[in-house]
Amino acid sequence: MRRPLLLLLAFLTAAMNVADPASAGPGADLSGTYACQGINPDGSSYESVVVEIVRYNDAYQLRWLADSDLIAVGMGIRTGDVLAVSYLSGLPGVVAYRIEEGDRLVGEWTVAGAEGELFSETLVKVSSTAAAPSRREKKTPIANTREL
């Protein structure tokens, strides 16, 4: 009686790990293209932003784009279910995303000059591929603030 129960437990554990690869643990790759929405420091919302995430070894490069214009760049590291990112959008800032099931990253961010106030941002994956930035890519000036 005990052996079938152990086999059932082992099977269910394996099935849960295979059923949802997005939440398969710390090694799951977050690379892809994400729809981004959030709140600006002035209280207005933004929705028409795309975030591209590309994995480089144990780190991630992020690019925020609005109407195909580069508005911010960042580098991040994943620890467990958190992606912590330092970014530059004219001013330096940080964002910490909680990695959720269903390809969602729910974050809080701040920027220099915001007096420590936190703002919200949610990323939802729309594609598993993100174009790696070209070394010959045209340099687009980055806006003075992260306001989108």
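Order by neighbour count: D58, D69, fewest other Cβ atoms within 10 Å first, most last. Write down the numbers at each step before the final one.
Details: D58 7, D69 11.
Ascending number of Cβ neighbours within 10 Å: D58, D69.
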Report task. Could you work out the local net charge near E108, counting Lys and Arg as +1, Asp and Glu as -1, over the other residues with Cβ closer than 11 Å to its Cβ? Result -> -1
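Please give the net charge around S127, taking every other residue with its beta carbon less than 12 angstrom from that of S127, where Lys and Arg add +1 and Asp and Glu add -1. Kindly include the intermediate steps, with their values, before the conclusion.
Working: positive: K125; negative: E52, D103.
Local charge sum for S127: -1.
Listing E47, E52 from the residue with the fewest other Cβ atoms within 10 Å to the one with the most, what is the order?
Placing the least packed residue first, the sequence is E47, E52.
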Query raised in the report: Taking the Cα centre of the range 27-127 as origin and charging only Cβ (+1 Lys, Arg; -1 Asp, Glu), how large is the dipole, in debye to the nearest 20?
Result: 280 debye
Requested in this report: Provide the net charge surrounding R98, with neighbours chosen by a C-beta distance below 10 Å and charges set as Lys +1, Arg +1, Asp -1, Glu -1.
Outcome: -2
Report task. Order by neighbour count: S31, S44, fewest other Cβ atoms within 10 Å first, most last. Result -> S44, S31
Report task. For the range 75-86, take each phi angle, set θ = phi - 60°, evaluate the Karplus expression 6.51 cos²θ - 1.76 cosθ + 1.60, and give the result in whole Hz per residue in order, putting x for glycine and proline. Result -> 10, x, 10, 9, 10, x, 9, 10, 10, 9, 10, 9
Query raised in the report: In whole Å, what are the Cα extents of the range 27-127 along the three principal axes, biggest one first?
Result: 36, 26, 23
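Values quoted throughout were computed directly from the atomic coordinates according to the rules given, and no laboratory measurement underlies them. Because the structure is predicted, anything quoted here is derived from the model rather than measured. Using ideal geometry, Cβ is built from the backbone for each residue, glycine included, and neighbour counts are taken over all protein chains shown.
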